[in-house]
Amino acid sequence: MAHGFFAPIVASFIVLVQRKTLLPALQQSSWWGVGILAAAASLGIAGTIGESTTITRFALLLSLIGCALVLGGRYTLLRVLFPIALLLYTFPIPPVLYAELTLPLQITATRIAEAAFELIGYSVVRDGNILELAHQRLSVVEACSGIRSLVTLSFFCLVYTYFFEQRPTIRAFVVLSSIPAAIALNAVRIVTTGVLGEHFPEMTHGIYHESLGWLVFALAFGLVVASHLAMKRFNRAANS
């Protein structure tokens, strides 16, 4: 998904928007930043020697933290900590974590899709992450587990709450709501693919399949935003 591409752009935009509050603080430098820069350089050298892109990326983030401390001290660091943290979304999912999350997400999406097929009147038999329909077999492979959509959705929800919500608890609720939204909408994508496959097999692959994925992602994000707006309206009505 595209969150890795957007993360540096959004982070740079946030810093640019805050430039008027950051410039006056540039005289409040902290020498702690020099030590952090030295540690980041050592980490970067170790990562380069060990050919570990993950370590070198962490070194880059650590060096940005060091630069913020050197240039503007603790105040500047606190102001830019969020955009720096957003750069974590440029990291690939660690293989160990990916393996641990993929299978449960596959099984969950398959079970929800099975229940949805039965609800709308389709005969289906589930075998692990495989759904047997009348005229086709749907295999919910790793690429269809929804983990990439989940990470991308959490990124956009995090950015959305940064700009449109100030209360920490509501921010946490919106970001966490991306988890059930991504899982549910991934199951909807599987069911839609199955229904199309029963009647229009040509629409289950190629550009149609890719477009369906993006449409479902947009619906998931819209669902999260709608939930947030409904919550804000409810709070205003309760306080009036």
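The values are calculated or read from the model by the stated rules, or taken from the named source; none is laboratory data. Remember, predicted model here, so these are calculated numbers, not experimental data. Here Cβ is always computed from backbone atoms with ideal geometry, including for glycine, and neighbour counts include all displayed protein chains.
Residue count for region 126-160, restricted to those that are closer than 22 Å to His205 by Cα, outside any helix (DSSP H, G or I) and without any contact (Cβ under 8 Å) to a residue 12 or more places away in the chain: 3.
Can you tell me which residue in region 75-104 is modelled with the lowest pLDDT, limited to those that are aromatic (Phe, Trp, Tyr) and assigned to a helix (DSSP H, G or I)? Give the steps one after another, and end with the answer.
Let us first name the residues in region 75-104 that are aromatic (Phe, Trp, Tyr), namely 75, 82, 89, 91, 98.
Still in the list and also assigned to a helix (DSSP H, G or I): 75, 82, 89, 98.
Working: Tyr75: 84, Phe82: 92, Tyr89: 90, Tyr98: 79.
Residue satisfying both the conditions and the ranking: Tyr98.
Table: residues versus (1) within 24 Å of Pro92 (Cβ to Cβ); (2) among the charged types (D, E, K, R); (3) surrounded by 14 or more Cβ atoms within 10 Å (Cβ to Cβ).
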| site | (1), (2), (3) |
| --- | --- |
| Asn129 | yes, no, yes |
| Phe156 | yes, no, yes |
| Tyr160 | yes, no, yes |
| Glu165 | no, yes, yes |
| Ile170 | no, no, yes |
| Leu185 | yes, no, yes |
| Val191 | no, no, yes |
| Val195 | no, no, yes |
| Phe200 | no, no, no |
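Do we have Ala134 as at pLDDT 80 or above and either under 17 Å from Leu185 (Cα atoms) or touching a helix residue (DSSP H, G or I) at 6+ places or on another chain (Cβ under 8 Å) (or both) here? When the stated conditions are applied, Ala134 does not pass them. Against the definition (β-branched (Val, Ile, Thr), in contact (Cβ under 8 Å) with a residue 24 or more places away in the chain and either assigned to a loop (DSSP other than H, G, I, E, B) or not assigned by TED's automatic domain parsing to the domain that holds Pro83 (or both)), how does Val175 come out, yes or no? Considered against the rule, which asks whether it is β-branched (Val, Ile, Thr), in contact (Cβ under 8 Å) with a residue 24 or more places away in the chain and either assigned to a loop (DSSP other than H, G, I, E, B) or not assigned by TED's automatic domain parsing to the domain that holds Pro83 (or both), Val175 comes out as no. For Trp214, the conditions (1) at pLDDT 85 or above; (2) within 20 Å of the chain's Cα centre (by Cα) all hold with the exception of (1).
For every residue, the table says whether it meets (1) closer than 22 Å to Leu223 by Cα; (2) assigned by TED's automatic domain parsing to the domain that holds Val17; (3) in contact with an Asp or Glu (Cβ under 8 Å, 6 or more places away or on another chain).
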| residue | (1), (2), (3) |
| --- | --- |
| Val80 | no, yes, no |
| Ala85 | no, yes, no |
| Leu131 | no, no, yes |
| Leu150 | yes, no, no |
| Ser154 | yes, no, no |
| Tyr160 | yes, no, no |
| Gln166 | yes, no, no |
